[in-house]
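Single-structure report; data block below.
The values are calculated or read from the model by the stated rules, or taken from the named source; none is laboratory data. The structure displayed is predicted, hence computed values, not measured ones. Glycine also receives a Cβ, built like all others from the backbone with ideal geometry; neighbour counts cover every protein chain displayed. What goes into the accessible areas is simple: the full protein's heavy atoms, side chains included, and nothing from ligands, DNA or RNA. Shrake-Rupley method; radii C 1.70, N 1.55, O 1.52, S 1.80 Å.
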Amino acid sequence: QLKVKELCEEERVCCLTLDEMSITPSVEFDPSSGQLLGDVTLPTHSGIATHALVFMLGGVTSRWKQTVAYYFTGNSTDGTVLKPILLEIIGKAHSIGLNVIAVTSDMGNVNRAMWRSFDVSARKHSTTASKTVHPVNSQKNLYFLPDVPHVIKNLKASLVNENVFILPESVVNTNHLSSCKVSVNAVKDLAEFQESCDLKLAPKLTSATLTPSHFEKMKVSNALNLFSNAVASGIWYLVKEEGRKVA
């Protein structure tokens, strides 16, 4: 609250982020409180905790962030339980002068259930709804955004798994593309072409990029290596100089 008083109005605009991380299941004695710690603390849930769910506020127009809440969770979580927690955080943030305009999270099942509790959804065969009436100001909206790093990782994972993306005709025409289909074939061709080269066109394009391990899949940097300028330039070289055809 003391820090907020030093911020101007624009700097008080912020986003509420929530994310979960795995922890080692264990019950430990805390001598400072005289209690056993390690159980699930999320409301209406019980059992030994396997994850930590963290809520953080971060500035939109200025660089600041502050952890505001955390809960220990298990392997199974009811996402609708998160709604009152979010509303409480947004309300308390408003009471000290912060303006929460958006909520961002990954697209896991738990968070999608939380989105639906706010009547927010993004499905393949339905109209996307990405906002709801702001809980503390009915004249404004509260927006829900997928976490960008997770979006990039999901796009990369889908391509590596041989899925094909179909681009809208407007995108194809605007960018003068030869096809509306996007696949990983050209990237695989580039990886094979440069495998025996000492000087590689895309040095960070490795086997770990195209066949990642479980932990490699979690790295945003690994996904960005697929969508890099070096890979794009390498594919361009194969087409222009080596006569390769991009299917």
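What to note about this one:
- Just one of (1) free of Cβ contacts under 8 Å to residues at least 60 places away in the same chain; (2) out of contact with any Asp or Glu (no Cβ under 9 Å at 6 or more places or on another chain); (3) open to solvent by less than 60 Å² (accessible area, probe 1.4 Å); (4) of a type in the set (A, V, I, L, M) fails for residue 49. It is (2).
- Candidates 34, 59, 74 - the one that is open to solvent by less than 70 Å² (accessible area, probe 1.4 Å) and on the phi > 0 side of the Ramachandran plot: 34
- Verdict on residue 67 being out of contact with any Leu (no Cβ under 7 Å at 6 or more places or on another chain) and either acidic (Asp, Glu) or modelled with pLDDT of 95 or more (or both): yes
- Residue count, the stretch 117-141 (criterion: under 18 Å from the mean Cα position of the chain (by Cα) and at pLDDT 95 or above): 0
- Residue ranges of strands (runs of 3 or more DSSP E) in the stretch 1-62 with at least 3 members within 24 Å of the chain's Cα centre (by Cα): 13-22, 51-59
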